[in-house]
Structures are given as structure tokens and as C-alpha cells.
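Enquirer: First the structure, which I've put down as C-alpha cells, then a few questions once you've had a look.
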Amino acid sequence: MAKISLIVNGNPVTANVDPRTLLVQFLRENQRLTGTHVGCDTSQCGACVVHVDGKAVKSCTTLAVMADGHEVKTIEGLAADGAPLHPMQEAFREHHGLQCGFCTPGMIMTAIDIVHRKGHELDDHTIREELEGNLCRCTGYQNIVASIAAGAKAMAKSDLA
Amino acid sequence: MYEFKYHRPGTVRQAANLLVKNEDAKLIAGGHTLIPVMKQRLASPPHLVDLSHIEGLDAIEMKGRSLVIGATARHAEVASSAIVGEAIPALANLAGGIGDPAVRHKGTIGGSLANNDPTADYPAAVLALGATIVTNKRRLKAEEYFQGLFSTALEADEIITKVMFPLPKKAAYIKFRNQASRYALVGVFVARRPSDVRVAVTGAGSEGVFRVTAFEEALKKRFAAKALDGIEVPAEGLNSDIHGSAEYRAHLIGVLTRRAVEAANAKE
């Protein structure tokens, strides 16, 4: 077993893990943060995207021990319970950017990463290129793209980054 | 995934000592090749040595007339680096086309080169630009470094520390991607160097990255797509699989090389 200490959604966490534990397993099974999903388990689909030190990564292809000493943010960390949603979450709700919802946590974490890197004014082409690593099997992407464009704009006016 | 012991050395020397002490130990940095392979139980190293916390190993800098990229520089860092964009824009462009944004936040140049996947992008750049692979023990020229499928000149306790790229006069990389895996079905890196022209191909060869000398000679005489008229790439020795036949890949090499030459010329 290996002892790891990291920040998860702003809270310091210390745990003993088997080194072969994937970050997504650690988040879901140890931390009970089941918003992060396992889709393909082969780093293709993006359902498992979380932020490590502010950057979108696929938590199914990251070991929990590699996150030791780092800061992890999951979909649960975007807005406090009962508080208004993060503007990107709100944009997905408003623009119907989901159907079954399985890919949505990863889509939203990727979307926020896109805004951090590319700014608040995103054209459709940029969004589609940047969604290379996130698969949705329901929507046909149209409303996801619309949601991200709107969410990006809304983030400019929000305190929640 | 089978059990292993995880090590996090602070220096390259410590990492090398761990490799010497633990037989069959594997290095890990971004993990985007090794972790999937371990999940499939195609590899089961008893020890993992994590290089990603060694300070300074990801540095990107100019040294004289060479662009020097540290082994743990991530694809996203190479893609967005102003230094790389200024020195060899084709290399920044290549790094920005690997996998997807989340993969680029983890994958490293050293990992890509150490693995030498026959469909990886970086080997084409390293071979075409005539880069030097610097390890904790020695310097290896690109020509001697790549030794076939997933094989390199690296010894068991040898660690890539950086890659030195001499600056070309012009260069471009064009990739025809497999839509599902995002790896190169065929990728061609063309570099017009001060003394010669090199054309390196990834994704197509059954022995990994290789050079197309017939194209190189023609392009040395005249660096234009027209110079390649009438020169065919033989399908012999190329991969045939469900994604494309050897003949199709041979055809793509010609098409992509012409596009790469045009792209390189357009960048003036």
C-alpha cells in the first residue's frame, strides 16, 4: 500500500491505496465521488475527465499515486451543494446539452478546461476540435457545442472559474 | 492490472539507481501508453519509477542553434511553447495533433520516443530533423536510436533526459489520422536542413519510422512538390491491416509528402 495526500475539491485527503488504483477508482470508490464516470476505460471517451492542477486529464489513465501532492477537481467540486450551478453546468441545462447524461461530467470538465485555455469567445469549429477526446452517443453534439459556447460566455461574468 | 511497487525519485540519478536495483522496473511519466498496456496485462512490471516529479526534466530552451526539449515535457507544453513555435513551428504543430487535449496534458516526448510505437508522431520529427537523443549515459543520433517496432538503442538502465533538435530551414508534418485511435495511419515529416532534405514516415512501416531516400534526393535538387512527379513509393515492407492496405499507405506517403512540402514552403 502507498500513502497519498492530495486535495480533492478543495479538501485535503489522505489515504492508503494499492499503487495500481486508478485515479477514477480512487475518486469513485474511496472518495465516493461517483460523478466522474468510467466509459471506455481506454482513454478514448472522456467520461472520466477531471482536473489535476487545473488541467483536464483522463482519470482512467492516471494512477492515484501519481496524483499524490496534487490538486484534483471533479464535477462535484464545481459548485457547492444547494448553491447555484457552475455557469457551464447551467449552460448544459439551459441548452439541453445532454440526453442520457453519462458523458456530461466529462464534457463539462473538458469544456471548462477549453475556456481556461482558449478564452470566453469560442467558435463552433474550435469547440468541435477541442472535443476530440469526449464522446457522446446520444446528442449528435449540436447542443453540447451550443452549451459550451454559452457557458464560456457566462463564465466571463461569474466568480466561479 | 497486476500489482507493482511505485517509486518517485527526485533526480535522474536516483531513477537510474532504481532501475539498476529492480530488475524489470519500468519508467513512467505521463503513463498514457504504459497504463493502458498494464491494464490489458500485456505488461506487468513489478516496479514503476515515476519521472514526472523530477525538477527541470521538462525544460524547453534554445541552446545555441539547437532547440532542447526535456524528456518529461508534455505534448501540450511543446504545442503551446513560444520557444518551440518560434524555432520549429512544425514540431509545435505535431505535438498539438497528438491524441486529444486531455491526452496532451499527460503524454511526454520522452515517453513517446522510449516506447517507439510504429504509429507515434514524434519519431518522424526526430528522424527527419536529425535530432540527438540525450540520455543519462550518452548521446544517440536519431539514425542509431530507432531499431524497429517498439525497439530502441536504450539500455535497461538508460533514461532519456532531453532531445536536441538542430533548426531546419523549413519543415512541416502532415498526418493522416486513424479516426478512432488518433494515431497516424501515415504521418510524414519533411525537413529542409542546411545541408540536405529528409523525409521521415511514421505509421506505415512494418519496422517503424523510416526515411524515403528517393524523395529526399529529388527534393534536395528542387524543394517543391513537383520534384516528386513520377517517383513511387513501393508498398513492400509497409503495414497492411483493417485500416488500410500496404498499397494504400504507399499512396498516402506520396500524397502527404507533397502536402508537407507545400506546407513547408507556405510558411515563409
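Enquirer: With charges only on Cβ, +1 for K and R and -1 for D and E, what is the dipole size of the protein assembly as shown about its Cα centre, in debye, rounded to 20?
Expert: Details: 48 positive and 46 negative charges, 166 e Å.
Magnitude of the dipole: close to 800 debye.
Enquirer: So what's the back-of-envelope 222 nm ellipticity for chain B, counting only DSSP H runs of four-plus at -39500 (n - 2.57) apiece and dividing by all residues, rounded to 500?
Expert: Details: 11 runs with 88 residues, N = 268.
Result for chain B, helices only: -9000 deg cm²/dmol.
Enquirer: Now for a different question. What translational diffusion coefficient, in µm²/s and rounded to a whole number, does the Stokes-Einstein relation yield for region A:87-156 at 4 °C and a viscosity of 1.567 mPa s, taking the hydrodynamic radius as the Kirkwood radius over Cα pairs?
Expert: Working: Rh = 11.5 Å.
D, rounded to a whole number, is 113 µm²/s.
Enquirer: Also, I was wondering about something else. Need the full-extension length gain, B:Ile231 to B:Glu86, defined as separation in residues times 0.36 nm minus the C-alpha distance. One decimal, nm. Numbers along the way, then the final one.
Expert: Values: separation 145, 0.36 × 145 = 52.20 nm, distance 3.31 nm.
Net length gain for the segment: 48.9 nm.
Enquirer: Please list, short to long, the whole-number percent of alpha-carbon pairs of region B:1-50 in consecutive 5 angstrom bins beginning at zero.
Expert: The calculated distribution, bin by bin, is 5, 23, 31, 23, 13, 4, 0.
Enquirer: Right, here's the next one. From the residues A:Leu135, A:His116, A:Ala150, which one has its Cα farthest along the dipole of region A:87-156 in the positive direction, the dipole being from +1 and -1 charges on Cβ of Lys/Arg and Asp/Glu about the Cα centre?
Expert: A:Leu135
Enquirer: Let me ask something else. Under 22 Å from the Cα of B:Lys137, which lysines turn up, not counting those fewer than eight places away in the same chain?
Expert: List returned: B:Lys21, B:Lys26, B:Lys63, B:Lys162.
Enquirer: Let me ask you something else. With unit charges on the beta carbons (Lys and Arg positive, Asp and Glu negative) and the dipole taken about the Cα centre of region A:43-100, which residue among A:Ser43, A:Phe92, A:Val57 sits farthest to the positive side?
Expert: Of the candidates, A:Ser43 comes out farthest on the positive side.
Enquirer: Would you kindly state the longest site-free stretch of chain A, with sites defined as trypsin sites (Lys or Arg not before Pro) in a DSSP loop (not H, G, I, E, B) surrounded by at most 10 other Cβ atoms within 10 Å?
Expert: Numbers: sites that count: A:Arg32, A:Lys157.
Longest gap between qualifying sites, sites excluded: A:33-156.
Enquirer: Right, here's the next one. Placing unit charges on C-beta atoms (Lys and Arg positive, Asp and Glu negative, everything else neutral), compute the dipole magnitude of region A:87-156 about its Cα centre in debye, rounded to 20.
Expert: On the way: 6 positive and 9 negative charges, 32 e Å.
The calculated dipole for region A:87-156 is roughly 160 debye.
Enquirer: How far apart, in nanometres, would the label points at B:Ser240 and B:Ser66 be if each is projected 7 angstrom from Cα along the Cα-to-Cβ direction?
Expert: 4.2
Enquirer: For the protein assembly as shown, take N as its residue count and report Rg(C-alpha) divided by 2.2 N^0.38 Å.
Expert: That ratio works out to 1.01.
Enquirer: Kirkwood hydrodynamic radius for chain B: how many Å is it when counted over pairs of different Cα atoms? Please report the intermediate quantities before stating the final value.
Expert: Numbers: mean 1/r = 0.0532 Å⁻¹.
After inverting the pairwise mean of 1/r, the radius is 18.8 Å.
Enquirer: Pairing the Cα long axis of helix B:12-21 with the longest principal axis of chain B, what angle in degrees results, from 0 to 90 and rounded to the nearest 10?
Expert: The two axes meet at around 70 degrees.
Enquirer: Helix A:142-156 versus the longest principal axis of chain A: what angle, 0 to 90°, nearest 10, using Cα atoms?
Expert: Taking the Cα atoms of chain A, the angle to A:142-156 is about 80 degrees.
Enquirer: Using +1 on the beta carbon of Lys and Arg, -1 on that of Asp and Glu, and nothing else charged, what's the dipole of chain A about the Cα centre, debye to 20? Walk me through the numbers on the way to the answer.
Expert: Working: 14 positive and 18 negative charges, 41 e Å.
So the magnitude is around 200 debye.
Enquirer: Now, a different point. Please say if region B:41-186 is rounded, prolate or oblate, where rounded means a/c under 1.5 for a ≥ b ≥ c the square roots of the C-alpha gyration tensor eigenvalues, and otherwise the choice is prolate for a/b larger than b/c and oblate otherwise? Intermediate results must be reported in sequence, preceding the final value.
Expert: Values: a/c = 1.33, a/b = 1.11, b/c = 1.21.
It is rounded, given that a/c, with a ≥ b ≥ c, falls under 1.5.
Enquirer: Next question, about the same structure. Just to be sure I understand: if I project the alpha-carbon convex hull of region A:2-77 onto a plane and average over all orientations, what area do I get in nm²?
Expert: Details: hull surface 16.7 nm².
Directional mean of the projected Cα hull area for region A:2-77 stands at 4.2 nm².
Enquirer: Expressed as a whole number of Å, what is the distance separating the alpha-carbon centroids of region B:49-89 and region A:82-158?
Expert: When both Cα centres are located, 31 Å separates them.
Enquirer: Continuing with this model, one more query. In the calculated pair distance distribution of region A:43-161, what percentage of Cα-Cα distances lie above 26 Å? Mind showing how you got there, number by number?
Expert: Numbers: 959 of 7021 pairs.
The share of Cα pairs beyond 26 Å in region A:43-161 comes to 14 percent.
Enquirer: Sticking with this structure for a sec: Over region B:170-266, with a single point scatterer placed on each C-alpha, what log10 of the ratio I(q)/I(0) does the Debye formula yield at q = 0.11, 0.18, 0.21 1/Å?
Expert: Each listed q corresponds, in turn, to -0.28, -0.74, -0.99.
Enquirer: Turning to a different aspect of this structure: On C-alpha positions alone, give me the angle between the axis of helix A:104-118 and the longest principal axis of chain A, in degrees, nearest 10.
Expert: Result, in degrees: 70.
Enquirer: HN-Hα J couplings of region B:125-133 from phi, Karplus 6.51/-1.76/1.60, θ = phi - 60°, integer Hz, Gly and Pro as x?
Expert: Values, residue by residue: 5, 5, 6, 5, 7, x, 6, 10, 8 Hz.
Laboratory data are not the source of any read-out in this text; all were calculated from the coordinates shown. Everything quoted here is computed from the prediction, not taken from an experiment. Neighbour counts run over all protein chains shown; Cβ positions are idealised from the backbone, glycine included.
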